[in-house]
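*Asks:* First the structure, then my questions, so here it is.
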Amino acid sequence: MLERFKDLTTAHVADACVRVGVPVRTVSLTAVNGGRVAGRVLPAQHVGSVDVFLEAFESAEPGDVLVVDNGGRRDEACVGDMAALEAQAAGVAGIVIWGLHRDTVDITAIGLPVFSLGALPTGPLRLDPQPADALSTATIGDWTVTRDDVVFADEDGVIFVPADRVDELLTLAESIRDTEHRQADEIRAGRSLRQQVRFAEFLTARAADPTLTFRQHLRAVKGAIEE
């Protein structure tokens, strides 16, 4: 999965979701060390202690991505270098955190891709009861994800997709990428994007039918650039 994703972006995957009507479940997170990930979701709800991560690693499979639900808190970091190093040793491909991380220098040196809302020196100063579903679901932004989901992450952020739609979505994302690359090459060669997508024709058609959208026109001329 990561091999196929290496020449794609989360934007391509998001556009593929739009094209086939799959909910676009994205969040804006920052890549701590410039890496990218693609793998099955390994959920963990953080309640103040690292033990939930250790327990998650007990059932991890190679290539899984630890998805940490810390409620988007900005008053504590919930993942540090030890958690990252242990995740790497467990075969986990990366960590996505709905919350903050710390030990940035050490995490960067470890090399495991980590995505978070930012960094903070302070670790958790609390210990709350662990929910019964702490290792089966994680809420990230507006989205609740499970082991039935796959996560893709890069410099643009994070997107979750159903595991049973991955092949379909990646194939469509590759098609969108190829279309965009061809369009970019033609712009560089002197043929404007307006020419490529027959924009003048769109303006004429819209004048006759005000309900016509640019997206409908793009689909008709097979020049989709915004989805």
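The values are calculated or read from the model by the stated rules, or taken from the named source; none is laboratory data. On a predicted model such as this, the values are computed, not experimentally measured, just so you know. Note that we place each Cβ from the backbone using ideal geometry, even for glycine, and neighbour counts take in every protein chain shown.
*Asks:* Out of the residues in the stretch 7-36 that are of a type in the set (A, V, I, L, M) and in a helix (DSSP H, G or I), which is nearest to Trp143 (Cα to Cα)?
*Replies:* So, considering only residues that are of a type in the set (A, V, I, L, M) and in a helix (DSSP H, G or I), the one nearest to Trp143 (Cα to Cα) is Ala14.
*Asks:* Let me ask something else about it. Can you confirm whether Thr137 is surrounded by fewer than 22 Cβ atoms within 10 Å (Cβ to Cβ) and either over 20 Å from Met82 (Cβ atoms) or in contact with a Cys (Cβ under 6 Å, 6 or more places away or on another chain) (or both)?
*Replies:* yes
*Asks:* Return only the number of the condition from (1) touching a Ser or Thr at 6+ places or on another chain (Cβ under 9 Å); (2) surrounded by fewer than 17 Cβ atoms within 10 Å (Cβ to Cβ); (3) not basic (Lys, Arg) that Ala16 does not satisfy.
*Replies:* It is condition (2) that Ala16 fails.
*Asks:* While we're here: Condition test on Arg4, is it assigned to a helix (DSSP H, G or I), farther than 12 Å from Ala153 by Cα and not hydroxyl-bearing (Ser, Thr, Tyr)?
*Replies:* In short, yes.
*Asks:* Output the qualifying pairs, or none if there are none: Cβ atoms under 6 angstrom, residues six or more apart or on different chains, first residue in the stretch 162-190 and over 18 Å from Val151 (Cβ atoms), second residue of a type in the set (Ser, Thr, Tyr).
*Replies:* none
*Asks:* If you check Ala220 against the conditions, is it part of a helix (DSSP H, G or I) and either in the same structural domain as Ala11 (by TED's automatic domain parsing) or surrounded by 13 or more Cβ atoms within 10 Å (Cβ to Cβ) (or both)?
*Replies:* yes
*Asks:* Another question, then. What tally of residues in the stretch 37-72 results from selecting those that are among the hydrophobic types (A, V, I, L, M, F, W, C) and assigned to a loop (DSSP other than H, G, I, E, B)?
*Replies:* Going through the stretch 37-72 one residue at a time, the tally reaches 3.
*Asks:* Pairs, please: C-beta under 6 Å, at least 6 apart or cross-chain, first residue among the aliphatic types (A, V, I, L, M) and assigned to a loop (DSSP other than H, G, I, E, B) and in the stretch 126-142, second at pLDDT 95 or above and loosely packed, with under 13 Cβ neighbours inside 10 Å?
*Replies:* Correct list of pairs: empty, since none qualify.
*Asks:* Is it true that Asp128 is more than 12 Å from Asp69 (Cβ to Cβ) and assigned by TED's automatic domain parsing to the domain that holds Phe57?
*Replies:* Yes; evaluated as a whole, the condition is true for this residue.
*Asks:* Could you pull out the residue among Thr179, Thr211, Thr204 that is farther than 22 Å from Leu8 by Cβ and either of a type in the set (A, V, I, L, M) or assigned to a helix (DSSP H, G or I) (or both)?
*Replies:* Thr204
*Asks:* Turning to a different aspect of this structure: From Val145, Val105, which residue is at negative phi and touching a Phe, Trp or Tyr at 6+ places or on another chain (Cβ under 9 Å)?
*Replies:* Only one candidate passes the filter, namely Val145.
*Asks:* Right, something else. Which condition breaks for Pro43 when tested against (1) surrounded by fewer than 17 Cβ atoms within 10 Å (Cβ to Cβ); (2) in contact (Cβ under 8 Å) with a residue 60 or more places away in the chain?
*Replies:* All conditions are met except number (1).
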